[in-house]
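See below for the structure under consideration.
Bear in mind these aren't lab numbers, they're just calculated from the coordinates by the rules spelled out. Bear in mind the structure is a predicted one, so any value in this text is a computation, not a measurement. Positions of Cβ are backbone-derived with ideal geometry, glycine not excepted, and every protein chain shown enters the neighbour counts.
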Amino acid sequence: MSSDLDVFVGNTTLIDEEVYRLWLDGHSVAEAVARRLRGGLLEREATSVAVLQSDTRDHYRTFQMLERLLHAPPRLLQQLLFQIPPERQALLVQRYYAFDEALARELLGKKLSKGTKKELDEVSARTGVGIRSCRRQFDNFKRVFKAVEELRGPLAENIQQLFLLPPSLARDYAAIVFFANSRFETGKRRLQFLSFGDFAACAQSMMAHWSQGALAPEAAEPDGDLPKSFLQDLKELKVLVTDKDLLDQHKSLVCSALRGKISVYNELEANFKALSRALVNVGGKLTHARDVRDFFVDLVEKVIEPCRSDKWSPGDLRLFLQHYTAAPRNLPGFRHQALWERYMAAISACLLRMFHD
Amino acid sequence: MPGKLKVKIVAGRHLPVMDRASDLTDAFVEVKFGNTTFKTDVYPKSLNPQWNSEWFKFEVDDEELQDEPLQITVLDHDTYSANDAIGKVYIDIDPLLYSEAATVISGWFPIYDTIHGIRGEINVVVKVDLFNDLNRFRQSSCGVKFFCTTSIPKCYRAVVIHGFVEELVVNEDPEYQWIDRIRTPRASNEARQRLISLMSGELQRKIGLKVLEMRGNAVVGYLQCFDLEGESGLVVRAIGTACTLDKLSNTSAFLPACNSPSKEMKEIPFNEDPNPNTYSSGPSTPLKNQTYSFSPSKSYSRQSSSSDTDLSLTPKTGMGSGSAGKEGGPFKTLLRQQTQSALEQREFPFFTLTTFPPGFLVHVGGVVSARSVKLLDRIHNPAFVGIMGNTRSYKLLDWNSFNSDEPETRDAWWAEIRQEIKSHAKALGCHAVVGYSESTSICEEVCILSASGTAAVLNPRFLQDGTMEGCLEQRLSWQPGFFSIGSEKGEVDFFPQSQDSSSLLGIEEASPPGCGFCHIPYDELNMPFPAHLTYCYNCRKQKVPDVLFTTIDLPVEAIVVGKGCLIQARLCRLKKKAQAEANATSISNLLPFMEYEVHTQLMNKLKLRGMNALFGLRIQITVGENMLMGLASATGVYLAALPTPGGIQIAGKTPNDGTYEQHISHMQKKINDTIAKNKELYEINPPELPEEIIGSPIPEPRQRSRLLRSQSESSDEVTELDLSHGKKDAFVLEIDDTDAMEDVHSLLTDVPPPSGFYSCNTEIMPGINNWTPEIQMFTAVRVSRLSNINPTNQTLNKNFNDLCENLLKSLYFKLRSMVPCCLCHVNFTVALPEDELVQIAVTAVAITYDKNQALQANKAPTEKSQQRASTDNEEQLQFPLELCSDPLSSQPFSPAKEVLEGASSHTGIPAAQRATSVDYSSFADRCNSWIELIKLKAQTIRRGSIKTTTSLEKASPLAEGYLRHRSVPSGTNSTVSVVKMTPLSFLPGAKITKYLGIINMFFIRETTSLREEGGVSGFLHAFIAEVFAMVRAHVAALGGNAVVSYIMKQCVFMENPNKNQAQCLINVSGDAVVFVRESELEVLPPQPAAAAQPTGAAGDVTT
């Protein structure tokens, strides 16, 4: 006897977390049933495979109906079709928008376009994330990106508002949007040692210190774009490396401050000019979209790798950056101290985060 | 011009995109009532229109107010072509017509389309100004309150229970009209929805008039049903119990409502038989009287009664009413006379109630039922079609003026059946029928009408007419505990009275109320059927039957041992396909056998569980093309007053065959094991009574009990609990053929629910009284194909049995997170939509209970091995609270006090919290603050979490700017209010403070893209969810937060997979209420109702 029709509808919508996870991972009903069986549910609950199938199908149907609402979480709160307690709604949204960092790492800085979506097969193979799950996560990124790309104000808060995500997850999404917007290159071999978390932290520092909203909340430009005027102003900082006197004075100030406090003093003394040039020029290049892409490549190639080969410790780097940032205050004739500190705040944060194996 | 209806259309949200080009919608709204229509302006290019219309005013008479629904249609304006309908909302404005119910309907309603389902929501405010005093209306029945609840509603007091009211209305089904061939499915569905809405309104109004005639003010246990008779039309019929109710003005915590525990509610004179020895009574096994009548044509009706086996067992000697009271004591005679006079004027002394004020029910006789097979025969009346096709769309026709036959026929059919029920009750020495219900099963042109109830003797005092009211009041004043404590009585009055009643509970008490209803009402010498009587095991003064079957809920005062359980009998019978009369005849011939089988199954299963009574018995016989199906559900319990049931003994036919013998003894062992296991599972440990107390066995005319295939014999030795073979107290199953073997096997296939689960089909689970507030109401529907090529009754039975068992299993699995819990009010409905297709729909509620507390609660009473069932632990608990504060009365109630203490220590932890903490902990650390955010959905954006230079003043203007570029749903700060739904009449741990009116909704959903909507399951899943959503929205708009006595009366599903089409009709009803949590009551006692009322016009209730 076969059941043609088999439904169970509760006044309060039943959400089974395990089945939700299986659904999110993109398993078919049959796969999900198999996995639940492997989990030993049958023995624990003394039930039959048929019951498990029916239960799984019910949940899958519910999730399919909910998916439309999950695309706009505020609607999930307002809709009348499913009565779901707030904490369960929160769970649904959070799990739906949670992503695999390996996948997000792969997609960082890529254009969230149809083309990229077509490449998801490979990404899925590389990351071990199911293709259906990959597509769903990609669509999430894209949906969030589209929703906030033209909004003003802090990205993370806009995302939190529109998608009702927990703050940490909203910040991660902000980073993804930020990278997708600026199209930073992250796929190069020499950047492979950096995790999604590293990039997300960098993005957050950059937005926090550089974005328009960070200084003036009334700003007209979205947070995802770095403010043009700021980037333009960064060119002014070049004086620190182009003016020979300033460069020398800067070096002596930093070196005198660090003497004896840093284990790699000699190497620092030898490389200061190269390092300083690299640090300043990274900022100077940000006005050109093409150069923007190389931001992280430059940082790694010109700062992190030399330091690492000289066996700097993270503490050394921190001390150096601290004094390197502070020193120009005492440089006669340098008028861009505020700009400089704003610039270096993000750069320092990024470097410190990225300085690991 | 007695009324002015005012409607305001506020806003819409989440509308569907109607213009593909712009991805937007130009929506406007039509508001229609009767023949008047108003329109709002078009709100261009928005999916979240803000119409904020003026008040549309309809000046109408109250008759129209009662009949017509308010119809709101949302449309998309189209300059060049016809406007497209987005969907509709029907609002029943009836709740606004009684003074105590809702005053305004305001809130978000789902916009419903019969083809697309819910498409966005609309915010509407509705008010009614009634110009005249309500009581002056006579042509309408405004002001008569309707309740689906089958007990006296919690915040009311019954002054008089008048009795049975019924009415039916007939019309042609729009689906079968000629016009249906040329109109769209949408138009046809909408015509049907509207017609049924109109018919329900009219029906309710007509019933209301009858109630007013009886000088009542309310209908309780209102049950309205549709018979979709296809070509022959559409019948809407309703039954109910007319009452005069008084609102208890003070609903605060200390007043127990109608269902307080029995000890306080002692009924004094009638249960105390002053002369117990002279009072002789007769026996009762569960009784079923049926008559099958089949009328080939309307005019001719052939009674073919007593064709059934049960009746053949039944000596008809007791049929006369004259035998009543022959042997009874003087008191009994008096009672009879009183009651009879009170009931005499009534055509049908029926009551649709299943729970009664304590003392109302004096004796219960047994189940009475009647069925009749009819041929639906539509008289084609050309005049009728002409008029229906007229411009005035389905305004109800007074059928009488067109076709005098029709309603008379249906009325006559039911009258016939009711008459039968009445006479069956009389045969049982009863003058009334309680727990009465009616149902139909239709297949093509054959219709089975069924009615059933429980024959009972009632206390006449509740039945007096208005003239007696003064007397009643007087009695109340000196017998306060007796029924619903009047509001006029304060705490002070109440207190000493309860002391009185507690003293009445003393050990030397002659006839405790816990067993009175079990005592036989009929006369022992004129027993209507053979049964075995013993003296009541509780009071040992009067006689009780060995088994009792009833359709009512377990009376609150009943003393039960252990817990109850759901018992089902399932049966299939093949039938030849036939036409018209031949078909009807073959059905009528099959019915008695089915009834007999069902009855045997029930009896066997009851014995197998070691129980002796069934409550809430509901037998459905469903007719299909080529088979009949019978499904009986009931809740088995062990009543302390009835004798311990004997075991089941198998008797083989060929005792010489060794292997056969072995097989038999193996089966016997299995059965005995099952009984033992069940007794343990349901905690059935009846008290061991010393033999001498029981008294001498009653001289029983044993020769009268001829053994058919099964026969029960009562046990004389109560102490005997072992189930050894050969004892004469055993219930003998003779295995004489393979059929019988199958039956025995099928007995053993019922799997008990997994541990932590109990189930019953009554309001309350006997033996559990410590409910926690978590509830989950659900509907499950299954359609299965019986895919046998050559089906036999046996294979069909097995299939059907498996289907039900699997369904139950799947429910237990689904609800496993709620353990320990009980499935209450499990209601199975069987339909046979097509050849080989069986559809089963189940609606029930899972309620959690506190296991620890259960143990504690059990301990105290098990010393006496007795337990009291109680509807509402809240009420039971409150009561001792009052008593315990008094040092004098605290002593006898010490067990209760323990329960109370246990309760107070446990109720502090809401079950919901426990549940969430378990599954949520995994990431609770990450987002607990964020939950708060979602809950509050704060609009103000906190800035500067990273950079602290931002000032807060700057933040607020910015907040608007953030989202300016996007259309963000309006009113994001509103949270959807939670509406609980339950088929029960109460909510555990909560107090119902207000009844807002009846919810009675009928929906049709159709699709022509079945596959795209996820197949049949996807389609129905969405539809049921939509129905729930619409019920909740209506309740929330009335200002309520729960639906009680919810029932899905009909779920008709039809599919045509080849055409990718499906259609479903669902009819639901219930009572919208406001409840307050017990815990909240303590905090804010003065105006609890206000807390749950919506505050603003937008109806944003935050709970």
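Quick look at the numbers
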| read-out | value |
| --- | --- |
| ³J(HN,Hα) computed for each position of the stretch B:188-201 - Karplus, 6.51 cos²θ - 1.76 cosθ + 1.60, integer Hz, glycine/proline x | 5, 4, 5, 4, 5, 4, 5, 4, 5, 4, 4, 5, 5, x |
| From phi via Karplus (6.51, -1.76, 1.60), per-residue ³J(HN,Hα) for the stretch B:150-155 in Hz, x at Gly/Pro | 9, 9, 5, x, 4, 9 |
| Long-range amide H partners of residue B:996 with built H, under 5 Å | B:1072, B:1073, B:1074 |
| Segment residue A:235-residue A:34, length gained on full extension (0.36 nm per residue, minus Cα span) | 66.3 nm |
| Gained length - residue A:243 relative to residue A:46, 0.36 nm times residue gap less alpha-carbon distance | 62.9 nm |
| Separation of the residue B:1079 and residue A:111 label points, Cα + 7 Å toward Cβ, nm | 5.6 |
| Cut-off under 5 Å, modelled amide H: who pairs with residue B:118 long-range | B:113 |
| Ellipticity estimate at 222 nm from DSSP helix runs (n ≥ 4, -39,500 (n - 2.57)) divided over chain A, nearest 500 | -19500 deg cm²/dmol |
| Karplus 3J(HN,Hα) series, Hz, for the stretch B:8-15 with 6.51 cos²θ - 1.76 cosθ + 1.60 (x for Gly, Pro) | 10, 9, 8, 7, x, 8, 6, 5 |
| Prolate/oblate/rounded call for the stretch B:40-108, Cα gyration tensor, a/c under 1.5 rounded | prolate |
| Cα-Cα over 26 Å, subset of B:8/B:1049; A:117/A:146; B:6/B:991; B:543/B:677 | B:8/B:1049; B:6/B:991; B:543/B:677 |
| Given charges at beta-carbon only (K, R positive; D, E negative), |dipole| of the stretch B:13-169 in Debye | 560 |
| Over 27 Å between alpha carbons, listed pairs A:118/A:302; B:576/B:670; B:39/B:127; B:374/B:422 | A:118/A:302; B:576/B:670 |
| Efficiency of FRET from Cβ geometry, residue A:122 and residue A:150, R₀ 45 Å, rounded to 0.05 | 0.90 |
| Estimated distance in nm for a label pair at residue B:179 and residue B:670, the labels positioned 7 Å out from Cα along Cα-to-Cβ | 6.1 |
| Theoretical FRET efficiency, 1/(1+(r/R0)^6), r = Cβ-Cβ of residue A:290 and residue B:1012, R0 45 Å, to 0.05 | 0.45 |
| Cα→Cβ-extended label distance, 7 Å offset, between residue A:189 and residue A:75, nm | 4.7 |
| Cβ-based net charge around residue B:845, under 14 Å, with every Lys or Arg adding one and every Asp or Glu removing one | 0 |
| Amide proton proximity set for residue B:523, modelled H, under 5 Å, gap of 5+ | B:282 |
| Calculated FRET efficiency for the pair residue B:659/residue B:576, C-beta based, R₀ 35 Å, to 0.05 | 0.40 |
